[in-house]
Amino acid sequence: MIKAITGTKDILPADMPKWNYLEFIVKKTMESFNYKEIRTPVFEETSLFARGIGEATDIVSKEMYTFLDRSETSITLKPEMTASVVRALIEHSLDKKQSLNKLFYISPMFRQEKPQAGRLRQFHQFGAEALGFDSPALDAEMIIIPYQILKRIGLNHLSVKINSLGVPESREVYKTKLRGFLDDKFSRLSDESKKRYDINILRIFDSKDEGDQEIMKDAPLLIDYLDDASLNHFMEVKSALDNAGIPYQVDPKLVRGLDYYTNTTFEVISGSVGSQSALCGGGRYNLLAQEIGGAPIPGVGFAAGIERILLACANENTIAIPEEKIDLYVVLLDKSLSAKAYGLSLKFREKGIITDTDYALRSVKAQMREANKYNSRFVLFFGGDEYKNGEFVLKNMADGTETKININCIDKIFAIIKGA
Ligand code: AMP
């Protein structure tokens, strides 16, 4: 038996109402902030992510699904969306058409991580990118939007962490300080952190190793080395969040995995989902457009994980989906009429009436069982003596009443079903 690949999940029809509900809230909220939807291909040239996200990041160094296609081009399934959105923006000169592009997306992503609860190899994110201005109001908006969405779907145990990574110049000064601090402690670091010391020293703050965490307790903090402009930017982001009534904590150790961040970084954490608790993350990336070959375009964005959010919703019992119903089930009483019954079903569907019928010439009992399984509000009996007398029988399944309707008056059936 062939099964789905480890770390991937089927989203079954029973799951879909929750997905649709969340996506509906996402679209409504994005619309209210005037963000426009963008869709990009599932795969891109590998160099886009290698250059955009950074060779030293976990994503690029060990998590990407990369392969050579038949023409020997190195292809990667997108592990995140920002690089693709920026590529599309530059490729289609969207930045020339509008000084600020506010874009959102809902898309699958692919990372070869170790699967566990809330961590998949194909997962889905919604997110937004605002490209064009270096405004702290936009940084704040990238926190306000997902916070509003999470609140709207009823989540409560949320916390927002923010930090500023400043600009590369001040970061380099700080990295030298951090190296100096760690020099005489290097031998006590975990193997993973020893590697990070050379290639991505800030990420040592992310280490789960207790020994590393003990060492890093006293480490100098990047926030104390920020240049004045970055510090001002950060203060304005904080005051925009204050104005919006979003509670947050400054976490000077929040470095996040991606190389392209400048200034603000943030995460929204849930207290309801266990160890994989980040529902959403993001930050400002003023250097990314240049990094992938475009003009400098300041940008800021966020990405939120749909599976993790739905897990938090399940744990907090927030999304109550009404039981699914259909409007009408056409029960076939006479097999020779099946083509006609099918044609009649089409007429109901054209009117927007959710209609199903029998496709297997089954017994009336089996058809009624199916109508009940679908929670059909009405059943139309097609055939039998009534049909010979020129009538359909329409049964209201809620109260059991039956109405006879002339077969030439199907408008009457539409009216009853729509009016009920
Ligand atoms: P990132 O792009 O790594 O900043 O991730 C943003 C959000 O996407 C996270 O906060 C998670 O909610 C979600 N996410 C990231 N990686 C995974 C994964 N492997 N499986 C499920 N969700 C993920």
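The values are calculated or read from the model by the stated rules, or taken from the named source; none is laboratory data. Given the structure is predicted, the values throughout are model-derived calculations rather than measurements. Methodologically, a virtual Cβ is constructed for each residue, glycine included, from the backbone with ideal geometry; neighbour enumeration extends over all protein chains shown. To get the accessible areas, we keep the full protein, side chains included, count just its heavy atoms, and leave off ligands, DNA and RNA. Shrake-Rupley method; radii C 1.70, N 1.55, O 1.52, S 1.80 Å.
If r is the Cβ-Cβ distance from SER32 to THR73 and R0 is 45 Å, what FRET efficiency results, to the nearest 0.05?
Details: r = 40 Å, r/R0 = 0.90.
About 0.65, to the nearest 0.05.
Could you check the spin-label model distance between ALA314 and ASP334? Points 7 Å from the Cα along Cα→Cβ, value in nm.
4.9 nm
Note down the relative contact order for the chain as a percent, whole number, built from C-alpha pairs under 8 angstrom at least six residues apart. Each step should come with its number before you reach the end.
On the way: 708 pairs, mean separation 64.2, N = 420.
Reported as a whole number, the value is 15 percent.
Taking Rh as the Kirkwood radius computed over C-alpha pairs, what is the Stokes-Einstein D of segment 196-339 at 10 °C in a medium of viscosity 1.306 mPa s, expressed in µm² per second? The partial results should precede the final answer.
On the way: Rh = 19.5 Å.
Diffusion coefficient, whole number: 81 µm²/s.
Please identify, among ILE306, ILE410, ILE11, the residue showing maximal mean-square fluctuation in a Gaussian network model of the chain using a 10 angstrom Cα cutoff.
ILE410
Kindly provide the Kirkwood hydrodynamic radius of segment 125-190 in Å, to one decimal, from all pairs of distinct alpha carbon atoms.
Values: mean 1/r = 0.0640 Å⁻¹.
Final number for the Kirkwood radius of segment 125-190 is 15.6 Å.
Work out how much length LYS175 to GLU55 would gain on full extension: take 0.36 nm times their residue separation and subtract the Cα-Cα distance, in nm to one decimal.
Details: separation 120, 0.36 × 120 = 43.20 nm, distance 1.78 nm.
Additional length available on full extension: 41.4 nm.
Taking only Cα atoms, what is the 0 to 90° angle, nearest 10, from helix 306-316's long axis to the longest principal axis of the chain?
80 degrees
With angles folded into 0 to 90 degrees, how steeply does helix 136-152 sit against the dominant principal axis of the chain? Use alpha carbons for both and round to 10.
Between the helix axis and the principal axis of the chain, the angle is about 40 degrees.
Quick one: grab Rg to one decimal and Dmax as a whole number for segment 1-62, Cα atoms only, in Å.
Reported Rg and Dmax, both Å: 17.1, 47.
Taking every DSSP beta bridge that has both residues in segment 328-419, what percent is antiparallel when rounded to the nearest 5? Provide the component values of the computation, followed by the final result.
Values: 9 of 17 bridges.
Roughly 55 percent of the beta bridges in segment 328-419 run antiparallel, per DSSP.
Highest mean first, how do 203-216, 361-374 rank when packing is the count of other Cβ atoms within 10 Å averaged over residues? Before the final figure, lay out each step's value.
Working: 203-216: 16.9, 361-374: 14.4.
The packing order, highest mean first, is 203-216, 361-374.
Divide, for segment 94-209, the radius of gyration over alpha carbons by 2.2 N^0.38 Å, where N is the residue count. Provide the component values of the computation, followed by the final result.
On the way: Rg = 18.9 Å, N = 116, 2.2 N^0.38 = 13.4 Å.
Here the Cα radius of gyration is 1.41 times the empirical estimate.
Give me the extension gain from ARG39 to LYS388: residue separation times 0.36 nm, minus the current Cα-Cα distance, reported in nm with one decimal.
The ARG39-LYS388 span can extend by a further 120.2 nm.
At GLU91 and ALA4, where each label point lies 7 Å from the Cα along Cα→Cβ, what is the point-to-point distance in nanometres?
It is 2.8 nm.
Rounded to the nearest 0.05, what FRET efficiency do LYS404 and ILE321 give with R0 = 41 Å and r taken as the Cβ-Cβ distance? Could you check? Intermediate results must be reported in sequence, preceding the final value.
Working: r = 36 Å, r/R0 = 0.87.
It comes out at approximately 0.70.
Rounded to the nearest 20 debye, what is the charge dipole size of the chain about its Cα centre when +1 sits on each Lys and Arg Cβ and -1 on each Asp and Glu Cβ?
1380 debye
Relative to the compact-globule scaling 2.2 N^0.38 Å, provide the ratio for the alpha-carbon radius of gyration of the chain.
1.28
Just reorder LEU254, LEU94 by solvent-accessible area, largest first, 1.4 Å probe, all chains present. Don't skip to the end; give the middle numbers.
Values: LEU254 15, LEU94 45 Å².
The most accessible residue leads, giving LEU94, LEU254.
Give me the number: length gained by fully extending VAL250 to ASN375, i.e. 0.36 nm times residue separation minus the C-alpha to C-alpha distance, one decimal in nm. Before the final figure, lay out each step's value.
Values: separation 125, 0.36 × 125 = 45.00 nm, distance 5.06 nm.
Value of the extension gain: 39.9 nm.
Compute the Cα gyration tensor for segment 256-399, then decide on rounded, prolate or oblate, letting a ≥ b ≥ c be the square roots of its eigenvalues: rounded whenever a/c is under 1.5, prolate when a/b is larger than b/c in the other cases, and oblate in all that remain. Don't jump to the answer; show the numbers that get you there.
On the way: a/c = 4.99, a/b = 2.78, b/c = 1.79.
Since a/c reaches 1.5 and a/b is larger than b/c, the shape of segment 256-399 is classed as prolate.
Of the listed peptides 13-26, 61-74, 164-177, 130-143, what is their order by residue-averaged count of other C-beta atoms within 10 Å, with the highest listed first? Please report the intermediate quantities before stating the final value.
On the way: 13-26: 15.0, 61-74: 11.8, 164-177: 17.6, 130-143: 21.7.
Averaged packing, sorted descending, gives the order 130-143, 164-177, 13-26, 61-74.
How far is helix 228-244 tilted off the main Cα axis of the chain, in degrees rounded to 10, range 0 to 90?
Helix 228-244 sits roughly 30 degrees off the main axis of the chain.
Per residue, what volume in Å³ does the convex hull of the Cα atoms of segment 328-419 enclose?
Numbers: hull volume 8.3 nm³, N = 92.
Given the Cα convex hull of segment 328-419, per-residue volume reads 90 Å³.
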